[in-house]
Amino acid sequence: MKKYVIALDQGTTSSRAVIFDRFARVIAVHGIEFPQIYPKPGWVEHDPDVILATQKEALQTAVKLSGVPVEEIAAIGITNQRETTVLWDRRTGRPVYNAIVWQCRRTAPIVEQLRAQGLEAYIRETTGLLPDAYFAGTKLKWLLDELNLHERAERGDLCFGTIDSWLAWNLIEGRPHVTDVSNASRTMLLNIHKVDWDETLLEKLNIPAAVLPRIVDTSGIIGMLDPEILGRPIPVAAMAGDQQSALFGQACFEEGMMKNTYGTGCFLLVNTGEQPVQSKSGLLTTVAWRIGGKTCYALEGSVFVGGAAVQWLRDEMHLIERAADSEAVATSVPDNGGVYLVPAFTGLGAPYWDMYSRGMLIGLTRGTGRAHVVRAALESIALQSADLVDAMVKDCGFTPRGLRVDGGASANNFLMQFQCDVLGVPVVRPAVIETTALGAAMLAGLATGIWKDLDELTGIWNADVRLTPQMEPCQRDKILHQWHRAVERCQRWIEAE
Ligand code: ADP
């Protein structure tokens, strides 16, 4: 009887492999960090060969560490950093250039051209995204244009893919050129209503269809792992972008269920069911997953500076020594003392979208101390997330029943209780906070019969901490009111030259 499922979690800074048993318990983990390449200011690259080598090594080491016999592994699921773009030679399998990472801003001028062509509304409507250098489409165009590759691309000599595609091509027997729907929905080339590549956008960006991967379900057997890697073929049975995978790993299977991941930034996703919802506040519409041919959609919002505000307290302000110390310092005072931090260090995203705002600390008095500032920084993470929830509620018209949380900063109990208080809904932290990896494992286990359906998966998802709102509504309203006044004051700070 096969008992284990492995998730390959290919992230921005490390490649990890996590082995789960059929109760979704973590049996072994191995992660390997790899170098970031910054060729110019604002440019970010990864070496695709290094991504592949570290991912293979993480897999082999995790299996070795676990002591699990390879014949007992039922399936492998892949989850990955999204939008990062690779282009490779179909014959040799060699990348033609480094991977262009999601953070890379080099294609901003291409985005400006698309806007100038009046394509913003079309992109919004068709792809669910806002025109931005973040997404894979303009990165692919840059590669084809800058390296003069249009002829080779037209001839079908080149393969484009996000990291899921790159791993599938290299790890699966027979080298399939595929991508899953959730990753495809981050290219700015996918028509999310038809769930197919959009011919108009391909034409506008001058991208030949011959370079594009075949789109597959998020959960479903894609092929067998190259037997050279673990000594046996194992079904590779899922691929999903990291945030969608976390939504699945949090068992947010029903419409209106949502999760927030508190990492460097925060990523909030709400399941909107079979209908893509168009946001009025600049949230992104994305495919959550497609299983058995049925597409489920999500609305996504992100906070640029989440846990990074805590890093700032630690590394720049030297107010704390370790991130985890922020909790004790914040709770050493009874409240924020009227102090608010708006960490608009790189401008503000949804629902404000003001790239000219900058960070601001306001409400200082002679009695303001270090603890107030630390507390204000933690509160700002929750308040920004609350603004996203508010925007989602406005867009979808649902009443939130609760928020499932994960990511490094979700370990902070003060932050989680404050989040719960300002939202006025329960906050639930699961037993396994490796939700990104768990999602990929669940998707792969679902395709291979380890788990039979979503109900069974709902049953194996376990809450560790359940918080309920403790704050008086009038107190909450006051904090939100002050927060919004603070946000207003930091906007349009930078003057355009
Ligand atoms: P990422 O995947 O973005 O690297 P992680 O999920 O590893 O992020 O979380 C790390 C982030 O969480 C860092 O920004 C760190 O400052 C913050 N963090 C970690 N532990 C805590 C804590 N106990 N309290 C507050 N913030 C924390």
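Observations on the model:
- Count of region 296-317 residues which are buried (at least 21 other Cβ atoms within 10 Å of the Cβ) and in contact with an Asp or Glu (Cβ under 8 Å, 6 or more places away or on another chain): 3
- Helices (runs of 4 or more DSSP H) lying entirely in region 149-233 (those with 3 or more residues that are over 27 Å from I123 (Cα atoms)): 163-171, 227-230
Quick grid of which residues meet (1) within 14 Å of the ligand (Cβ to nearest atom); (2) over 21 Å from E472 (Cβ atoms):
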{"residue": "A377", "(1), (2)": "yes, yes"}
{"residue": "A386", "(1), (2)": "no, no"}
{"residue": "C396", "(1), (2)": "no, yes"}
{"residue": "R404", "(1), (2)": "no, yes"}
{"residue": "L415", "(1), (2)": "yes, no"}
{"residue": "D421", "(1), (2)": "no, no"}
{"residue": "P426", "(1), (2)": "no, no"}
{"residue": "T435", "(1), (2)": "yes, yes"}
{"residue": "L443", "(1), (2)": "no, yes"}
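- Selection status of N148, polar (S, T, N, Q) and either at pLDDT below 95 or at positive phi (or both): yes
- Criterion: surrounded by 21 or more Cβ atoms within 10 Å (Cβ to Cβ) and within 16 Å of the ligand (Cβ to nearest atom) - qualifying residue of G349, G359: G349
- Scanning region 361-388 for residues that are in contact with a strand residue (DSSP E or B) (Cβ under 6 Å, 6 or more places away or on another chain), among the β-branched types (V, I, T) and farther than 14 Å from A486 by Cα yields a count of 0.
- Residue identified as within 16 Å of the ligand (Cβ to nearest atom), modelled with pLDDT of 95 or more and either within 17 Å of the chain's Cα centre (by Cα) or of a type in the set (S, T, Y) (or both) among T261, T295, T285: T261
- Within region 250-269, residues that are in contact (Cβ under 8 Å) with a residue 60 or more places away in the chain sit with their Cβ atoms under 6 Å from residues that are within 13 Å of the ligand (Cβ to nearest atom) and part of a loop (DSSP other than H, G, I, E, B), at 6+ positions apart or across chains, in these pairs: T261/G407; Y262/G306; Y262/G407; G263/G407; C266/G306.
The values are calculated or read from the model by the stated rules, or taken from the named source; none is laboratory data. Fair warning: this is a prediction, and the values are worked out from it, not measured in the lab. For neighbour counting, all protein chains shown are included, and Cβ atoms are generated from backbone atoms with ideal geometry for every residue, glycine included.
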